[in-house]
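Novice: Let me give you the structure first, and then I'll get to my questions.
The values are calculated or read from the model by the stated rules, or taken from the named source; none is laboratory data. On a predicted model such as this, the values are computed, not experimentally measured, just so you know. Here the Cβ positions follow ideal geometry from the backbone for every residue, glycine too, while neighbour counts run over all protein chains shown.
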Amino acid sequence: MNRELENDLIIYKAESSIRKPARLISELLKNLFQSKDLAWRIFVRDISAQYRQSLLGIFWAFFPPIVTSLIFILLQSRNIISISETSIPYPVYVLIGTTLWQIFTDSLNAPLRATIAAKPFLVKIYFPHEALILSAFYLVVFNTLIRATIIIVVFVYFGIQPTWAILMAPFAILVLILIGMCLGLFLTPIGMLYSDISTSLPIFTQLLFFATPVVYNIPDRFPFSILNVINPVSPILTGIRDLMTVGYINNLNNFLIVAFVFLIASFIALIIYRVSLPIIIEKIGS
Amino acid sequence: MSNPVIKVNHVSKKFCRSLKRSLWYGVLDLGAELVGNNQNHDALRKDEFWAVKDVSFQVHAGETVGLIGHNGAGKTSLLRMLGGLIKPDKGEIEIRGRVQALIALGAGFNPVLTGRENIIINASLLGFSKEQIKKRFDEIVDFSGIGEFLDMPVQSYSSGMTVRLGFSVAAFLEPDILLVDEVLSVGDLAFRTKCQVRIQELRNNGVAIILVSHNLHTISHICNRSITLEKGQIIYDGDTETAIDVYRDSLLKTYKNFDNVIRGGTGEIKIQKVEILNPQNEKLDEIRVGEGIKIRLYYRAFKRVENPIFNVVIHILNGYQVTGIRSDVDRISTGYLEGDGYIDIAIPCFNLLPNAYTLDAVIFHSDGYTFYDRVNHASHLIVRGGNEINGIAYLPHEWETVK
């Protein structure tokens with residue numbers, strides 16, 4: 001017993017744990033691994049509670065992307081808005097686009113939402129906080145699987161011949177989720193302190209929607225072309241849509257660069273999350 | 001002696017009174033923490049105060065330590081630091097072993113889900129592994145005594161049942177160090193006893209326990225050592241009896257500086273002061289169990305009042321009412337009163353057990369519920385006595401053994 005305790009020494013002190021990055025990272029990875037059971041429990045709890053209290057259940061997962069798509073299909077078909085030619089039938093373009101966009105916004109909101117929902121017990125008992133992010137990830141994946149049926153229906157209805165490349169699409173979608181959750185994770189520490197973040201997030205998401213090739217191609221000419229360069233969601237979203245319909249990614253380099261950058265960034269975001277939670281818990285009280 | 005499992009070395013923690021500022025300091029602290037430059041912990045910023053100040057102590061395996069102190073003395077902050085929820089601003093805490101906290105009972109409960117589902121989620125949050133949950137599940141259900149309600153949503157439970165369920169999960173933790181905050185006072189007597197038995201078991205297994213409770217009885221039952229905190233500092237660390245005495249003295253000090261904020265009434269007759277005297281009419285504020293006292297209540301009637309009713313209520317300091325004495329219940333008629341005077345209530349044996357008591361005084365109209373005047377904490381009395389008896393009162397008694 002005593003020997004076991006010797007190995008189990010924990011020290012809490014004022015010094016920032018950022019000063020010992022190696023230990024910080026090893027603890028982060030250890031916690032991520034340890035929290036997988038807990039994350040799963042939280043996920044199952046959230047899903048069961050959500051669907052037990054809902055009459056229409058998963059209908060609400062389909063509803064938003066379909067409504068958005070229908071609006072744009074209608075506007076386009078009546079020539080109310082003019083949209084440059086797309087390489088695939090416009091309804092297919094829009095339906096895939098909005099579904100992917102929904103997956104992205106889900107991922108973006110997930111970390112903050114999960115952390116706020118956990119506030120009552122977060123401030124009272126210690127548990128590996130990484131579990132919250134992991135459970136948020138499970139939830140996003142779950143919703144993504146449901147929404148993937150929209151894409152399948154679209155393929156069948158419009159008689160689109162899938163290529164082998166579509167097998168790569170799930171990985172590409174994971175990259176999309178990674179970007180969303182990474183950005184969301186960066187916002188979470190401040191978002192826990194100030195409600196301004198959760199209030200403004202939908203507004204900025206709406207702006208980003210129009211700056212991303214979801215329902216139309218961003219024009220290639222300056223100044224609009226800048227949007228494609230500075231908006232990290234663009235190459236990924238376009239890439240996934242290409243992968244599904246055309247069979248290859250037009251701008252593979254951009255896709256890979258963004259994926260790599262966000263892989264690193266997610267790791268940094270997780271470290272920030274880990275380091276900042278004790279301070280947040282202290283400030284938002286018991 | 002073995003190595004201590006908890007070592008607290010000169011730990012301080014500051015807090016901020018204003019929410020707005022606190023949040024902003026949060027942002028600043030976040031920034032400082034992330035660049036690794038959080039060295040300016042020494043200075044207090046505007047609106048900040050030391051919630052815990054330069055606290056040091058050690059706890060060994062198998063020890064049960066009570067933390068005593070009034071609200072805001074820093075007990076909970078200290079406990080949260082020990083639990084690893086928040087970091088100290090100064091000093092260092094060393095913990096050897098698995099810490100678990102009995103602080104938030106039923107953490108993570110979702111009212112829509114059934115008791116069964118909630119046991120599982122709560123247990124996972126408290127750090128049970130999948131196997132442990134499987135192994136312990138039946139015992140947990142058994143301990144909670146909710147039986148047939150297990151598959152009903154928790155929102156249909158009574159509040160007592162919810163708390164019991166929460167405690168039952170926590171009761172099966174297997175920590176090396178257990179932190180307990182104000183949770184032992186829930187549920188009915190039978191359940192409370194069960195909890196105390198469980199704590200006893202843990203202690204016998206060598207678990208170090210730190211207990212925070214306002215209920216001094218609980219503390220004196222369970223802990224042989226206690227630490228008294230006042231304004232974030234340790235003012236006593238040692239045997240529980242003395243710690244409780246020190247705590248009461250510190251409480252009385254704050255009450256002496258406490259003005260009568262809750263004074264009211266129609267005011268035709270007013271209470272001037274309340275004194276406690278011994279049978280020789282000497283003023284005192286400390287007696288031994290069973291001694292005789294006289295409560296003297298000075299009044300001033302600004303006009304002639306008819307048959308007012310005098311009432312003295314005795315409380316445990318900062319706690320519940322022990323007894324009340326009313327002239328109308330005792331069928332005493334006080335007649336017409338005008339000008340200054342006093343009334344005496346003689347108590348031949350003050351049989352309340354060692355504690356600090358406060359007295360409230362009220363003068364009612366003859367109807368018995370409108371009041372002329374009322375004074376809270378009009379006086380106080382400390383009862384001392386060596387007997388280690390728990391409860392409220394000493395009953396005079398005689399023994400006889402029949403063979």
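Novice: Determine, yes or no, whether B:Lys53 is touching a residue at least 40 places away in the same chain (Cβ under 8 Å), closer than 20 Å to B:Val246 by Cβ and out of contact with any helix residue (DSSP H, G or I) (no Cβ under 9 Å at 6 or more places or on another chain).
Specialist: Details: touching a residue at least 40 places away in the same chain (Cβ under 8 Å): yes; closer than 20 Å to B:Val246 by Cβ: yes; out of contact with any helix residue (DSSP H, G or I) (no Cβ under 9 Å at 6 or more places or on another chain): yes.
So B:Lys53 passes the test.
Novice: Go through (1) touching a helix residue (DSSP H, G or I) at 6+ places or on another chain (Cβ under 9 Å); (2) under 30 Å from A:Ile264 (Cα atoms); (3) of a type outside the set (D, E, K, R) and name the single condition A:Ile10 misses.
Specialist: (1)
Novice: Which of (1) at negative phi; (2) under 26 Å from the mean Cα position of the chain (by Cα) does B:Gly31 not meet, given it meets every other one?
Specialist: (2)
Novice: Further question: Quick check on B:Ile86: is it at the interface with chain A (Cβ under 7 Å from one of its Cβ atoms) and either part of a strand (DSSP E or B) or free of Cβ contacts under 8 Å to residues at least 40 places away in the same chain (or both)? It would help to see each step written out before you state the result.
Specialist: On the way: at the interface with chain A (Cβ under 7 Å from one of its Cβ atoms): yes; either part of a strand (DSSP E or B) or free of Cβ contacts under 8 Å to residues at least 40 places away in the same chain (or both): no.
For B:Ile86, the condition - at the interface with chain A (Cβ under 7 Å from one of its Cβ atoms) and either part of a strand (DSSP E or B) or free of Cβ contacts under 8 Å to residues at least 40 places away in the same chain (or both) - is not met.
Novice: If you go through the stretch A:39-71 one residue at a time, how many are loosely packed, with under 15 Cβ neighbours inside 10 Å and at the interface with chain B (Cβ under 8 Å from one of its Cβ atoms)?
Specialist: Matching residues across the stretch A:39-71 total 2.
Novice: Considering every residue within the stretch A:231-252, establish whether at least one is within 10 Å of another protein chain (Cβ to nearest Cβ) and either of a type in the set (Asp, Glu) or within 20 Å of A:Trp101 (Cα to Cα) (or both). Reasoning before the result, please.
Specialist: To start, the set of residues in the stretch A:231-252 that are within 10 Å of another protein chain (Cβ to nearest Cβ) comprises none.
No: the stretch A:231-252 contains no residue that is within 10 Å of another protein chain (Cβ to nearest Cβ) and either of a type in the set (Asp, Glu) or within 20 Å of A:Trp101 (Cα to Cα) (or both).
Table: residues versus (1) crowded, with 18+ Cβ neighbours inside 10 Å; (2) within 33 Å of the chain's Cα centre (by Cα).
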| residue | (1), (2) |
| --- | --- |
| B:Asn318 | no, yes |
| B:Thr323 | no, yes |
| B:Ile345 | no, yes |
| B:Tyr357 | yes, yes |
| B:Gly385 | no, yes |
| B:Glu398 | no, no |
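Novice: Could I ask something else about it? Could you give me the residue pairs with C-beta distances under 8 Å whose first residue belongs to the stretch A:15-34 and is over 21 Å from B:Gly127 (Cα atoms) and more than 12 Å from chain B (Cβ to nearest Cβ), whose second residue is assigned to a helix (DSSP H, G or I) and among the hydroxyl-bearing types (Ser, Thr, Tyr) wherever it lies, and which are 6+ apart or on separate chains?
Specialist: A:Arg23/A:Ser17
Novice: So, B:Tyr236, is that one of a type in the set (Phe, Trp, Tyr) and in contact with a helix residue (DSSP H, G or I) (Cβ under 6 Å, 6 or more places away or on another chain) or not?
Specialist: On the way: of a type in the set (Phe, Trp, Tyr): yes; in contact with a helix residue (DSSP H, G or I) (Cβ under 6 Å, 6 or more places away or on another chain): yes.
In short, yes.
Table: residues versus (1) among the aliphatic types (A, V, I, L, M); (2) farther than 21 Å from A:Ile103 by Cα; (3) part of a helix (DSSP H, G or I).
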residue: A:Ile18; (1), (2), (3): yes, yes, yes
residue: A:Leu28; (1), (2), (3): yes, yes, yes
residue: A:Asn31; (1), (2), (3): no, yes, yes
residue: A:Ala39; (1), (2), (3): yes, no, yes
residue: A:Ile47; (1), (2), (3): yes, no, yes
residue: A:Ile71; (1), (2), (3): yes, no, yes
residue: A:Gln76; (1), (2), (3): no, yes, yes
residue: A:Ile81; (1), (2), (3): yes, yes, no
residue: A:Glu85; (1), (2), (3): no, yes, no
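Novice: In the stretch B:46-69, is there at least one residue being surrounded by fewer than 22 Cβ atoms within 10 Å (Cβ to Cβ), facing chain A (nearest Cβ under 7 Å) and either modelled with pLDDT of 85 or more or part of a loop (DSSP other than H, G, I, E, B) (or both)?
Specialist: Within the stretch B:46-69, not a single residue is surrounded by fewer than 22 Cβ atoms within 10 Å (Cβ to Cβ), facing chain A (nearest Cβ under 7 Å) and either modelled with pLDDT of 85 or more or part of a loop (DSSP other than H, G, I, E, B) (or both).
Yes/no matrix, rows are residues, columns are (1) in contact (Cβ under 8 Å) with a residue 12 or more places away in the chain; (2) within 14 Å of another protein chain (Cβ to nearest Cβ); (3) in a helix (DSSP H, G or I):
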residue: B:Gln100; (1), (2), (3): yes, yes, no
residue: B:Leu105; (1), (2), (3): yes, yes, no
residue: B:Gly108; (1), (2), (3): yes, yes, no
residue: B:Glu117; (1), (2), (3): no, yes, yes
residue: B:Ala123; (1), (2), (3): yes, yes, yes
residue: B:Ile133; (1), (2), (3): yes, yes, yes
residue: B:Glu139; (1), (2), (3): yes, no, yes
residue: B:Gly160; (1), (2), (3): yes, no, yes
residue: B:Leu165; (1), (2), (3): yes, no, yes
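Novice: Counting only residues that are of a type in the set (Val, Ile, Thr) and either crowded, with 17+ Cβ neighbours inside 10 Å or at pLDDT 90 or above (or both), give me the helices (runs of 4 or more DSSP H) lying completely in the stretch A:179-245 with at least 1 of them. Before the answer, list the steps.
Specialist: Working: elements: A:196-210, A:225-230, A:233-245.
So the answer is A:196-210, A:233-245.
Novice: Those residues that are crowded, with 17+ Cβ neighbours inside 10 Å and either in a strand (DSSP E or B) or of a type in the set (Val, Ile, Thr) (or both), I need them from the stretch B:325-343; list them, please.
Specialist: Selection gives B:Thr334, B:Leu337, B:Ile343.
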